[in-house]
Amino acid sequence: MAVQTKLTAKYGAADRGDVAIVAGDAEAQSDTISINIDATKMGKAEAIHLLEKMVAAFHAAPWPPVA
């Protein structure tokens, strides 16, 4: 069985601990990473900041990173 993982961070996240790692939904194909950004009130720099926090959380999580 494939493992699906969802990483979520909200605007203002300052630490990798602010990134939630939970079970994700199946993708249309295997071995896929999707990024969905709701940038209603954030700029490009804030979006990149959140992605960096997600990368840090991803590095710190066990493999595969399941909740």
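So the values come out like this:
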item: Any hit, the range 49-60, residues being among the β-branched types (V, I, T) and assigned to a helix (DSSP H, G or I); result: yes
item: Scope the range 23-58; condition surrounded by 12 or more Cβ atoms within 10 Å (Cβ to Cβ) and of a type in the set (A, V, I, L, M, F, W, C); matching residues; result: M42, A47, L50, L51, M54, V55, A56, A57, F58
item: Condition check for T5: surrounded by 10 or more Cβ atoms within 10 Å (Cβ to Cβ), among the hydroxyl-bearing types (S, T, Y) and either modelled with pLDDT of 85 or more or in contact with a Pro (Cβ under 9 Å, 6 or more places away or on another chain) (or both); result: yes
item: Single residue of the range 15-39 satisfying the filter (in contact (Cβ under 8 Å) with a residue 12 or more places away in the chain and assigned to a loop (DSSP other than H, G, I, E, B)) that is nearest to A61 (Cα to Cα); result: V19
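The values are calculated or read from the model by the stated rules, or taken from the named source; none is laboratory data. Small disclaimer: the values here were computed from a predicted structure and weren't measured. A quick note on method: Cβ atoms are made from the backbone with ideal geometry, for glycine too, and the neighbour counts reach across all protein chains shown.
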